[in-house]
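Accompanying notes for the structure given below.
The values are calculated or read from the model by the stated rules, or taken from the named source; none is laboratory data. Small disclaimer: the values here were computed from a predicted structure and weren't measured. Cβ placement follows ideal geometry from the backbone for every residue including glycine, while neighbour counts extend to all protein chains displayed. Remember, those area values only see protein heavy atoms, side chains included, never the ligands or the DNA or RNA. Shrake-Rupley method; radii C 1.70, N 1.55, O 1.52, S 1.80 Å.
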Amino acid sequence: MAQLRSAVSWPNDKTYLFLDDDTYDRYDSVTGVREDSGLGIDRWEGLPRSPDAFVWWGAGKAYAFSGGDYFRYDDPADRVDPDYPLPVGPGWPGLPAGEGGGPDWRTGIDAAVNWGNGKLYLFKGDAYVRYDITADRVDPGYPVKIADRWTGVFPSGLDAVSYPGGRYAYFFRGGQYQRFDVDADAVDASGPLDASFRLAPTPSGAVAPARLLSPVQANRLMADLIRRGVLTLKSPVFVDGPAGIVSPTPAQRVVVSPPTFGGIRYTNQIAPAATVIDNLDQRMLVALYRLTRWINSSAPDVTELLHLGIGHGNGPANDCHNEGRALDLSGIVGEADGAAFTRSVKQHWGSLPRPPGVVVRISPTTDPLGYGLFTTAFRCATFECEATAIGAANKWPMPELGGAGFVIYPDYGGSAALRAAHQDHIHLQVGVTRSPPP
């Protein structure tokens with residue numbers, strides 16, 4: 001009987017389980033039901049066999065590991081990119097190289113998963129590392145024993161891990177599965193990986209970027225967050241019905257109150273006492289939630305995101321701000337090593353001198369805290385919001401700091417006028433800058 005080798009959840013609302021006989025099963029992540037089985041690996045053009053590990057990266061790319069090599073898979077083209085495979089070692093900085101007699105992770109990993117917060121988790125033997133998408137390297141302090149951080153999870157020898165988004169992730173070993181409750185941070189169910197196995201239903205779009213969500217998908221993702229206690233609506237009143245969400249409808253803009261997502265507050269610096277985020281497009285609501293996850297996925301402990309506007313602006317009525325589809329992020333507040341901090345985009349970035357030849361003024365050398373926070377916010381914005389174009393027209397590679405695009409900030413490399421107007425905030429948006437007239 002074929003054994004599970006790897007698993008991955010995709011932004012098309014599918015979860016794929018790859019077997020060691022080079023076939024795979026396809027599950028619908030929304031219904032949880034297995035749709036098909038015994039499909040051939042040849043449908044994944046360029047993959048020579050079922051991967052040892054497969055992980056969605058974002059921005060249209062995924063990575064498949066096979067021994068000491070890895071492949072980059074392009075979702076729009078539905079094939080492996082040219083010039084792959086490449087050796088794991090140079091391509092994945094920070095992976096343990098067998099120091100102190102431990103295993104050499106560069107020769108292969110057991111499992112990998114994207115946690116939806118700007119971090120990947122890679123597993124080998126009885127340990128794991130956390131890989132930061134923004135920095136493109138393993139975080140300091142790893143590897144760590146699985147048993148030390150993952151409550152109830154198989155302590156070693158994982159075959160695969162998958163996270164379809166939403167509340168639950170899945171760990172697999174030796175024909176068994178464990179369902180991991182992300183909110184409770186613990187295993188809550190387990191059993192055999194057989195014909196009876198199903199995923200817990202997850203709202204459509206849970207892995208897709210906010211910019212590609214339909215109004216219906218955003219509405220259902222918002223409802224899931226409300227049910228899980230991540231946020232509350234002041235208006236319209238949230239109403240569940242037997243057939244689904246009664247209120248708000250997908251087309252409505254909403255009012256979040258208090259202005260917090262999972263305990264992280266969005267504070268309007270123009271009106272600090274404001275207790276609402278109003279006039280909010282539901283797709284942007286999802287983007288705001290995901291930004292809180294990215295910015296607080298590791299040290300430091302972020303408690304507050306400062307802004308100069310969400311849902312309102314000085315432009316015409318059809319402007320992205322006035323339609324609740326944009327955020328001007330102006331600062332980040334929290335605690336690092338027991339000390340409170342505030343990092344202001346204006347003070348700690350836009351007001352810095354510009355030495356000759358320097359494109360990006362924030363530096364990991366002079367301000368590692370600010371650099372890490374602002375670059376994480378930037379990278380999340382390029383993955384979740386408009387980056388190089390609008391909607392599906394966004395193309396890899398996502399912009400790097402100092403480049404152009406739709407994320408605008410103090411060292412923006414596009415229009416000089418836009419750069420000058422964004423010395424005190426990072427602008428991110430969902431959808432076009434101006435909606436077309438009706």
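Data table
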| item | result |
| --- | --- |
| Rounded if a/c under 1.5, otherwise prolate or oblate - segment 375-438, Cα gyration tensor axes | oblate |
| Calculated from backbone phi, Karplus (6.51, -1.76, 1.60) coupling profile of segment 122-134 in Hz, x at Gly/Pro | 10, 10, 8, x, 9, 9, 8, 10, 9, 10, 8, 5, 5 |
| Three semi-axes of the equivalent ellipsoid, segment 283-438, Cα gyration tensor, whole Å, largest first | 25, 18, 15 |
| Most positive-pole-ward Cα, Phe171, Asn219, Ala189, against dipole of segment 167-226 from beta carbon charges | Asn219 |
| Segments 1-12, 77-88, 219-230 sorted - mean Cβ within 10 Å per residue, highest first | 1-12, 219-230, 77-88 |
| Contour excess over end-to-end distance, with Cα ends at Lys395 and Ala251 and 0.36 nm allotted per residue | 49.1 nm |
| Area of Arg72 that stays accessible when all protein chains are in place (1.4 Å probe, Å², to 10) | 50 |
| Amide H contacts under 5 Å for Lys234, placed H, 5+ residues apart | Val255, Val256, Ser257 |
| C-alpha long axis of helix 368-384 to longest principal axis of the chain, angle in ° | 80 |
| Gain on full stretching of the segment that runs from Arg198 to Thr342 - 0.36 nm per residue minus C-alpha separation | 47.4 nm |
| Cα-centred dipole magnitude for the chain, charges only on beta-carbon of K, R (+1) and D, E (-1), debye, nearest 20 | 940 |
| Length-normalised contact order for segment 54-94 - Cα pairs under 8 Å, 6+ apart - percent | 28 |
| For segment 146-277, the Rg and Dmax computed from alpha carbons only, in angstrom | 18.1, 56 |
| Cα-based Lys pair tally, the chain, threshold under 27 Å, eight or more apart or on separate chains | 10 |
| Dimensions (Å) - the chain, Cα atoms, principal axes, largest first | 64, 59, 43 |
| The chain: relative contact order in percent, alpha carbon pairs under 8 Å with at least 6 residues between | 10 |
| Thr342 accessible area, assembled protein chains, probe 1.4 Å, Å² | 70 |
| Net charge of neighbours whose Cβ lies under 14 Å from the Cβ of Gln269, counting Lys and Arg as +1 and Asp and Glu as -1 | 0 |
| Bridge type composition, the chain - antiparallel percent by DSSP, nearest 5 | 95 |
| Cα Rg over Rh - segment 218-354, Kirkwood | 1.01 |
| Under Karplus coefficients 6.51, -1.76 and 1.60, residue-wise ³J(HN,Hα) of segment 420-430 in Hz, glycine/proline x | 5, 7, 10, 7, 10, 6, 10, 9, 9, 8, 10 |
| Residue-count net charge about Ile295 - beta-carbon cut-off 13 Å; Lys, Arg +1, Asp, Glu -1 | +2 |
| Rounded tilt (10° steps) of 282-295 against the dominant C-alpha axis of the chain | 70 |
| Rg/Rg_ref, segment 215-259, where Rg_ref = 2.2 N^0.38 Å and atoms are Cα | 1.03 |
| Label-point separation in nm, Val358 to Ser37, each point 7 Å along Cα→Cβ | 6.1 |
| Convex hull of Cα atoms in segment 32-144, direction-averaged projection (nm²) | 8.2 |
| ³J(HN,Hα) computed for each position of segment 349-357 - Karplus, 6.51 cos²θ - 1.76 cosθ + 1.60, integer Hz, glycine/proline x | 9, x, 8, 5, x, 10, x, x, x |
| Spatial extent of segment 18-82: Rg and Dmax, with the Cα atoms as the point set, Å | 12.1, 35 |
| Among beta bridges that DSSP assigns inside segment 133-197, antiparallel share in %, nearest 5 | 100 |
| Acute angle (nearest 10 degrees) that the helix 215-227 long axis makes with the longest principal axis of the chain, alpha-carbon atoms | 80 |
| Value of relative contact order over segment 160-236, rounded to a whole percent, pairs C-alpha under 8 Å and six or more apart | 20 |
| FRET efficiency, Asp126 to Asp301 (Cβ-Cβ, R0 30 Å, nearest 0.05) | 0.60 |
| Radius 11 Å from Cβ of Glu384, net charge of other residues (Lys, Arg +1; Asp, Glu -1) | +4 |
| Gain on full stretching of the segment that runs from Asp148 to Val239 - 0.36 nm per residue minus C-alpha separation | 28.7 nm |
| Cα Rg over Rh - segment 341-387, Kirkwood | 1.00 |
